[in-house]
Amino acid sequence: MNVIFHTTTAISVAVLLTDTKRIEQSTTSRNVIWTSIFAFTVGHISHGALDYIPHCYPVNSKLDAIIGLTMILTTTWLTNKRYRLIMGLSFLGCIFPDLVDLSPGIINKQLGLSLPTIDKIFPWHFHDYSGSIYTDNCNNSTLNHILLLLTIGVVCWCRRTDLKTMFNKSV
């Protein structure tokens, strides 16, 4: 999947896992730390699930990387300080496998460098387990992308109180 879909998923992972009332009532940062670790883990797992389902790449890789990075920076900046670690680790978990397996090769290609590359570590990047579609028929992929965005929308709608609190700078 494109980075854009992984980063959008990261927002819903953070919102889904964050109980803002419990964090607001807590006098320690223990809840934030555990929620952040859990968000990283769930983000990492979601990456594998998204890469496993059949998908094409509807966004050019350069544009995808730029938009994805912009989403990460903007969303993290807009997040209330109390919840930035949760949001940041959710983003990191959702893109970590691509950073490890794919970024050295992409950087080499785009910048003409010779960074060392390693064999892929994450199984969903192996050809046998990847859902990447390399034909012109992307109807199934389009449906999967739409279902993903609808699911993210439903999660954010159902957890809108926590979503608002996470982005409320006055809290």
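The values are calculated or read from the model by the stated rules, or taken from the named source; none is laboratory data. None of the values given here were measured: they were computed from a predicted structure. Here the Cβ is made from the backbone with ideal geometry for all residues, glycine too, and neighbour counts use every protein chain on show.
Only one of TYR57, TYR83 is touching a strand residue (DSSP E or B) at 6+ places or on another chain (Cβ under 8 Å), of a type in the set (Ser, Thr, Tyr) and touching a residue at least 60 places away in the same chain (Cβ under 8 Å); which?
Working: TYR83 fails: touching a strand residue (DSSP E or B) at 6+ places or on another chain (Cβ under 8 Å).
From the options TYR57, TYR83, the qualifying one is TYR57.
If you go through the stretch 50-104 and keep only what is closer than 30 Å to GLN25 by Cα and small (Gly, Ala, Ser), you end up with GLY88, SER90, GLY93. Close contacts from the stretch 94-117, counting a first residue that is of a type in the set (D, E, K, R) and modelled with pLDDT of 90 or more and a second that is surrounded by 14 or more Cβ atoms within 10 Å (Cβ to Cβ) and not in a loop (DSSP other than H, G, I, E, B), with Cβ to Cβ under 9 Å and a gap of 6+ residues or different chains, come to ASP98/VAL3; ASP98/HIS6; ASP98/HIS47; ASP98/ASP51; ASP98/ILE106; ASP98/HIS125; ASP101/HIS125. When GLY68, GLY93 are screened for being more than 23 Å from ASP19 (Cα to Cα) and buried (at least 17 other Cβ atoms within 10 Å of the Cβ), only GLY68 passes.
Only helices (runs of 4 or more DSSP H) whose full extent lies in the stretch 71-170 are considered here, and the ones with at least 1 residues that are of a type in the set (D, E, K, R) and within 30 Å of VAL32 (Cβ to Cβ) are 84-101, 160-167.
Residues in the stretch 6-19 that are surrounded by fewer than 22 Cβ atoms within 10 Å (Cβ to Cβ) and either over 15 Å from PHE91 (Cα atoms) or not polar (S, T, N, Q) (or both): LEU16, LEU17, ASP19. Among the residues of the stretch 10-47, the ones that are closer than 17 Å to PHE167 by Cβ and among the hydrophobic types (A, V, I, L, M, F, W, C) come to 10 in all.
So how many residues does the stretch 140-158 have that are closer than 10 Å to PRO54 by Cβ and not hydrophobic (A, V, I, L, M, F, W, C)?
Summing the residues that are closer than 10 Å to PRO54 by Cβ and not hydrophobic (A, V, I, L, M, F, W, C) in the stretch 140-158 gives 3.
With respect to (1) surrounded by 13 or more Cβ atoms within 10 Å (Cβ to Cβ); (2) in contact (Cβ under 8 Å) with a residue 40 or more places away in the chain; (3) under 22 Å from ASN168 (Cβ atoms), the lone exception for THR76 is condition (2). Residues that are among the β-branched types (Val, Ile, Thr) and closer than 20 Å to ASN60 by Cα within the stretch 76-99 comprise just one, ILE95.
Candidates in the stretch 33-53 are the residues that are crowded, with 19+ Cβ neighbours inside 10 Å and of a type in the set (Val, Ile, Thr); of these, the one that is farthest from ASP128 (Cα to Cα) is THR35.
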